[in-house]
Amino acid sequence: MIFVISGPSGVGKSTIIKYLDRQDELYFSISYTTRPIRNDESKGIDYYYISENQFNEMIDQEKFVEYEEYGGYMYGTARTELSKLSEYRALVLDLEVNGATNILKEYPNSIGIFIDINNRELKKRLKIRGHEDETFIKTRINLADKQRDKKGQFEYYILNEEILTTVNKINDIIYNRIL
């Protein structure tokens, strides 16, 4: 079973995934990205950080099951990550909304979980990440609004008002589906 966790950038997906129960029957997929590593991230845990040339080579070699450009950087899920499903009861993917909807279409038994926050909180989180430019923030909020138009393609919608409550809801969804 594939669980696809998605939502606009800045809603807390990565933080939520870090707090989810790490049972042996779950595999947490690691995506590839061309974006620079952040101070609180680790190579091979949060992402596989590669150059744009390496990413393009992987595209040419059809190594991605999905990939997207987001915020000027590329993100993708390698086919090898999905092959881990044969070793585990469930696979958890953290994907940008377009990539998530592609997976949900291609793998009809996958379960989509859309995470969201209100725009006031989104603006605050973008500023915490160091994005002070109002034009950038407005662009990201407009993109988040467009991404929210796709929330109906997901089986679950969770408003992330409190991180531990959100984590518990997602743990419940996952374990009620795989047990």
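We did not get these values from a lab; they are worked out from the coordinates using the rules stated. Everything quoted here is computed from the prediction, not taken from an experiment. When we count neighbours, we look across all protein chains shown, and the Cβ atoms used for this are built from the backbone with ideal geometry, even at glycine.
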Residue 163/residue 61 FRET efficiency (R0 30 Å; Cβ-Cβ; nearest 0.05): 0.20
Cα-based reach from residue 84 at 20 Å (exclusive), listing lysines while leaving out same-chain residues under 8 positions away: 18, 43, 63, 105
For the chain, with +1 on Lys and Arg beta carbons and -1 on Asp and Glu, the positive-most of 70, 27, 158 along the dipole: 158
Relative contact order %, the chain, counting alpha carbon pairs below 8 Å whose residues are six or more apart: 34 percent
Candidate lysines for bridging to residue 124, where Cα separation is under 17 Å - those fewer than 8 sequence places away on the same chain excluded: 13, 138
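For 11, 92, what's the fewest-to-most ordering of other Cβ within 10 Å of each Cβ?
92, 11
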Sum of side-chain charges, residue 14 neighbourhood, beta-carbon under 13 Å (Lys, Arg +1; Asp, Glu -1): +1
Residue exposure sequence - 46, 172, 24 - by fewest surrounding Cβ within 10 Å: 24, 172, 46
Over the chain: helical MRE at 222 nm, DSSP H runs n ≥ 4 each giving -39500 (n - 2.57), nearest 500: -11500 deg cm²/dmol
Residues 43, 63, sorted so that the one with the fewest Cβ neighbours within 10 Å comes first: 43, 63
